[in-house]
1. For Leu95, are the conditions met, namely being on the phi < 0 side of the Ramachandran plot, open to solvent by 60 Å² or more (accessible area, probe 1.4 Å) and in contact with a Phe, Trp or Tyr (Cβ under 8 Å, 6 or more places away or on another chain)?
2. Go through segment 144-179 and give me each residue that's touching a residue at least 40 places away in the same chain (Cβ under 8 Å), within 16 Å of Ala213 (Cβ to Cβ) and part of a helix (DSSP H, G or I).
3. Is at least one residue of segment 214-236 without any contact (Cβ under 8 Å) to a residue 40 or more places away in the chain and open to solvent by less than 20 Å² (accessible area, probe 1.4 Å)?
4. Considering segment 31-76 alone, what residues qualify as being among the hydrophobic types (A, V, I, L, M, F, W, C), at pLDDT below 95 and under 30 Å from Ala191 (Cβ atoms)?
5. For Arg36, state whether it is of a type in the set (D, E, K, R) and under 30 Å from Ser208 (Cα atoms).
6. So, in segment 109-118, of the ones that are in contact (Cβ under 8 Å) with a residue 24 or more places away in the chain and open to solvent by less than 30 Å² (accessible area, probe 1.4 Å), which residue ends up farthest from Asp99 (Cα to Cα)?
7. Tell me, please, whether a residue that is among the basic types (Lys, Arg), modelled with pLDDT of 95 or more, assigned to a loop (DSSP other than H, G, I, E, B) and over 24 Å from Cys224 (Cα atoms) can be found in segment 10-19.
8. Residues Ala104, Ala118, Ala94: which one is among the small types (Gly, Ala, Ser), under 22 Å from Leu134 (Cα atoms), modelled with pLDDT of 95 or more and out of contact with any Ser or Thr (no Cβ under 8 Å at 6 or more places or on another chain)?
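The values are calculated or read from the model by the stated rules, or taken from the named source; none is laboratory data. Predicted, not measured: the structure shown is a model, and the values here were computed from it. Every residue, glycine as well, gets a Cβ built from its backbone with ideal geometry; the counts of neighbours run over all protein chains shown. We work out accessible area using only protein heavy atoms, side chains counted, and drop any ligands, DNA or RNA first. Shrake-Rupley method; radii C 1.70, N 1.55, O 1.52, S 1.80 Å.
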Amino acid sequence: PAKLAQADAVREAELATYRAADVVVAITPDEQRLLRDLLPGVPVEVIGNVHRPLAHVPGPQGRTGALFVGSFVHPPNADAVRFICAELLPELRALGYRDEVAIAGAALLDDVGRAVEAAGGSALGFLPSVEDDLAGRRVSLAPLRFGAGLKGKVGEAFAAGVPVVGTSVAAEGFADAHAGMLVADPAAELATAVMRVSGDDDLWSRLSAGGRALVARTLGPDACAAAIRRIVEAEAVEDLAA
């Protein structure tokens with residue numbers, strides 16, 4: 001009950017702030033629709049996460065392993081890693097997958113790191129450059145089971161030209177997530193998807209190009225600049241009309 005009361009208080013404080021704003025900017029169209037229902041009369045627009053897609057990405061040859069990356073102060077990431085250890089890694093090993101499954105990110109909990117190593121994965125912890133690590137990876141993993149908004153790990157992998165294997169939760173918010181990722185929810189299906197991306201160069205190349213094109217079209221700097229310009233110009237017109 002205390003936690004529910006706290007959640008209600010935070011919700012009301014946030015909505016009061018939004019009502020006082022000239023315009024509210026959401027991260028995804030889903031959140032835009034939700035906020036428009038909650039905030040009648042308040043303009044709600046969308047600007048997603050911003051990623052800069054690489055102009056050139058080396059092909060699949062020589063790449064190896066799968067990488068999960070995320071900040072572990074965020075509960076969905078710790079949950080996803082426990083899922084990898086308990087369910088996904090055993091399925092992968094049963095299918096004959098012998099490449100590294102690496103877990104990286106800030107504030108990796110000791111118990112989570114131990115679980116990763118015990119399950120046969122590699123606990124890397126904080127990476128100075130995720131982009132540098134992705135440059136050698138065959139697959140980006142995103143087996144998230146809960147969470148909201150655009151998933152930064154997915155957009156980051158798309159921008160780096162690394163195909164993603166993730167859940168339907170991880171795919172939420174992207175205009176066409178299937179352009180750069182294989183989506184599945186049960187561990188057995190996720191493992192099969194990892195095997196497909198790892199063994200099919202044509203599929204890898206198609207997803208690599210598709211993810212980068214999606215980012216350039218919807219989340220790149222140009223798309224962001226256009227969205228900001230449109231929102232500011234619309235508000236200027238509203239001010240003049242008032």
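1. Details: on the phi < 0 side of the Ramachandran plot: yes; open to solvent by 60 Å² or more (accessible area, probe 1.4 Å): yes; in contact with a Phe, Trp or Tyr (Cβ under 8 Å, 6 or more places away or on another chain): no.
Considered against the rule, which asks whether it is on the phi < 0 side of the Ramachandran plot, open to solvent by 60 Å² or more (accessible area, probe 1.4 Å) and in contact with a Phe, Trp or Tyr (Cβ under 8 Å, 6 or more places away or on another chain), Leu95 comes out as no.
2. Gly155, Glu156, Ala157, Phe158, Ala159, Ala160
3. No: zero hits.
4. Phe72, Val73
5. On the way: of a type in the set (D, E, K, R): yes; under 30 Å from Ser208 (Cα atoms): no.
No; evaluated as a whole, the condition is false for this residue.
6. Among those residues, the one meeting the criterion is Val112.
7. Step one: of segment 10-19, the residues among the basic types (Lys, Arg) are 11, 19.
Imposing the further condition that a residue be modelled with pLDDT of 95 or more reduces the set to 11, 19.
From the residues that got through so far, the ones that are assigned to a loop (DSSP other than H, G, I, E, B) too are none.
Within segment 10-19 (the criterion being among the basic types (Lys, Arg), modelled with pLDDT of 95 or more, assigned to a loop (DSSP other than H, G, I, E, B) and over 24 Å from Cys224 (Cα atoms)), the answer is no, since none of the residues qualifies.
8. Numbers: Ala118 fails: under 22 Å from Leu134 (Cα atoms); Ala94 fails: under 22 Å from Leu134 (Cα atoms).
When all the criteria are applied, what remains is Ala104.
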